[in-house]
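**Student:** Would you mind keeping the following structure in view while I ask a few things?
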Amino acid sequence: AQSVSQHNHHVILSEAASLELGCNYSYGGTVNLFWYVQYPGQHLQLLLKYFSGDPLVKGIKGFEAEFIKSKFSFNLRKPSVQWSDTAEYFCAVRAGTGGYNKLIFGAGTRLAVHP
Amino acid sequence: GAGVSQTPSNKVTEKGKYVELRCDPISGHTALYWYRQSLGQGPEFLIYFQGTGAADDSGLPNDRFFAVRPEGSVSTLKIQRTERGDSAVYLCASSLIPLAGVGNEQFFGPGTRLTVL
C-alpha cells in the first residue's frame, strides 16, 4: 500500500531561518505530489503541487519543493521563514493505480516560527 | 459559495447515537471526497464520489459508516451507533475533475469536529 512519511513532527525556527521539511512516499509508479498547509484555526490549503515536468515546483508564499524520483522524495523548502509561516504542513500523494483519486497524507509537521 | 462548506462545525454526541455530517462542495465540482483526521495524524481517506455514485469507498472503516450524494452535489456522511473512537475531524473536499492533470486538485472544507462521549 502507498504511504507517505514526514520525518519531522515538530520544527521550531527563528524568523529568517531556512526551512526544509522532508517527505518520502512509497509508490513506484506515476504520482502526483502535493503540499498542503493548515494555519491555526483555518482549513487545509494547497501550497504547491507536482504533476509532471520540471521537478522543482514553486508555490505560494515563497515555498518550493523538489521532486526527486530516485529518492521517492518531495521535500518542501523556504529560504527565509516568517512568523506567519507558523502552521502544520502536510505532504500528500495521489497514486497512479488502485485508488487513483484519493490523497494519501503524511502525519504532518508542525512548524513554529519565533520572532 | 466560494469554497467547500461543512455543517455542523462541531458535533458532540453520546456513544451509540446516530450522526449526520453535511458537505456542500464548490459549485460545479463533480468529484467529492470525505476524509477523517484524528489527533496528531494527517487526513485519512474515507470515500470518493464521482457525481452521484461512490466510486471508491475503500476507506470506510466499517458498516456503521455510510455516505450519500443523491443529486451529485451535497453529500452526507452518516455514522450509526457512534463509538468513542469515531471522535475526529471529518473533512470534505471537492475537485473539478477526478482525473490526473491540472484541475484535479482538491479543495478542502473547514471540517466537522465530532466528539463522542
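**Student:** Which of the residues belonging to segment A:59-115 are part of a loop (DSSP other than H, G, I, E, B), modelled with pLDDT of 95 or more and open to solvent by 10 Å² or more (accessible area, probe 1.4 Å)?
**Tutor:** Correct list: A:P79, A:S80, A:Q82, A:T86, A:A107.
**Student:** Now for a different question. Of the numbered conditions (1) open to solvent by less than 20 Å² (accessible area, probe 1.4 Å); (2) in a strand (DSSP E or B), B:A55 fails exactly one; give the number of that condition.
**Tutor:** So B:A55 meets the others, but not (1).
Conditions tested, residue by residue: (1) farther than 16 Å from A:S3 by Cα; (2) among the hydrophobic types (A, V, I, L, M, F, W, C); (3) touching a residue at least 24 places away in the same chain (Cβ under 8 Å).
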{"position": "A:Y27", "(1), (2), (3)": "no, no, yes"}
{"position": "A:L46", "(1), (2), (3)": "yes, yes, no"}
{"position": "A:L56", "(1), (2), (3)": "yes, yes, no"}
{"position": "A:I68", "(1), (2), (3)": "yes, yes, no"}
{"position": "A:F72", "(1), (2), (3)": "no, yes, yes"}
{"position": "A:S80", "(1), (2), (3)": "yes, no, yes"}
{"position": "A:E88", "(1), (2), (3)": "yes, no, yes"}
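**Student:** Looking only at segment B:43-52, count how many residues are crowded, with 19+ Cβ neighbours inside 10 Å, more than 7 Å from every other protein chain (Cβ to nearest Cβ) and touching a Lys or Arg at 6+ places or on another chain (Cβ under 7 Å).
**Tutor:** Counting residues in segment B:43-52 that are crowded, with 19+ Cβ neighbours inside 10 Å, more than 7 Å from every other protein chain (Cβ to nearest Cβ) and touching a Lys or Arg at 6+ places or on another chain (Cβ under 7 Å) gives 2.
**Student:** A further question on this structure: Would you call B:G53 more than 21 Å from B:P110 (Cβ to Cβ) and modelled with pLDDT under 95?
**Tutor:** In short, yes.
The values are calculated or read from the model by the stated rules, or taken from the named source; none is laboratory data. In this text the structure is predicted, and so the values were computed from the model without any measurement. Every residue, glycine as well, gets a Cβ built from its backbone with ideal geometry; the counts of neighbours run over all protein chains shown. Note: areas computed on protein heavy atoms with side chains; ligands, DNA, RNA excluded. Shrake-Rupley method; radii C 1.70, N 1.55, O 1.52, S 1.80 Å.
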